[in-house]
């Protein structure tokens with residue numbers, strides 16, 4: 001990891017990591033809803049309604065490799081790629097061999113911190129779902145890097 005980033009200052013304002021305008025730029029126009037932060041992290045969802053695109057951002061403050069975190073779920077991973085967002089190592093996964101409906105990006109921020117962006121396409125959505133998830137992750141990680 002090139003540098004360690006601290007997401008903890010963002011836990012009480014997790015939804016600020018992706019503003020309404022930035023959400024719209026990645027195809028999500030749903031309002032943000034934050035979870036109550038805990039000792040393990042926080043999340044912000046922009047839930048889909050009426051078959052629209054949605055995104056969920058989760059900041060985790062626990063010792064767990066982001067690749068293992070993403071692969072140890074209830075879904076069979078069909079697609080996996082390595083990436084970099086704002087200089088941080090990331091992994092991109094999907095249940096689909098050629099992701100069209102859902103893509104998840106996990107970013108390691110520090111040994112004990114990560115950020116996960118899960119983007120689901122809406123009905124009739126034609127944009128590359130993984131490119132959009134990476135863009136959302138890059139915007140969020142960029143803000144964490146700035147402090």
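Structural remarks
- Here residue 130 does not fit the description of being in a strand (DSSP E or B), within 11 Å of the chain's Cα centre (by Cα) and farther than 21 Å from residue 61 by Cα.
- Inter-residue pairs, beta-carbon under 9 Å, first in a loop (DSSP other than H, G, I, E, B) and in the stretch 32-51, second exposed (fewer than 10 other Cβ atoms within 10 Å of the Cβ) and at pLDDT below 90, 6+ apart: 51/124
- Index of the failed condition, residue 14 passing every other in (1) within 18 Å of residue 115 (Cα to Cα); (2) part of a loop (DSSP other than H, G, I, E, B); (3) in contact (Cβ under 8 Å) with a residue 12 or more places away in the chain: (2)
- Scan the stretch 109-147 for residues that are surrounded by fewer than 21 Cβ atoms within 10 Å (Cβ to Cβ), touching a strand residue (DSSP E or B) at 6+ places or on another chain (Cβ under 9 Å) and more than 18 Å from residue 24 (Cβ to Cβ) and the total you get is 2.
- Among (1) closer than 26 Å to residue 123 by Cβ; (2) surrounded by 14 or more Cβ atoms within 10 Å (Cβ to Cβ), the one test that residue 7 misses: (1)
- Hey, residue 21 exposed (fewer than 13 other Cβ atoms within 10 Å of the Cβ), under 22 Å from residue 131 (Cα atoms) and at pLDDT 90 or above or not: yes
The values are calculated or read from the model by the stated rules, or taken from the named source; none is laboratory data. In this text the structure is predicted, and so the values were computed from the model without any measurement. Here Cβ is always computed from backbone atoms with ideal geometry, including for glycine, and neighbour counts include all displayed protein chains.
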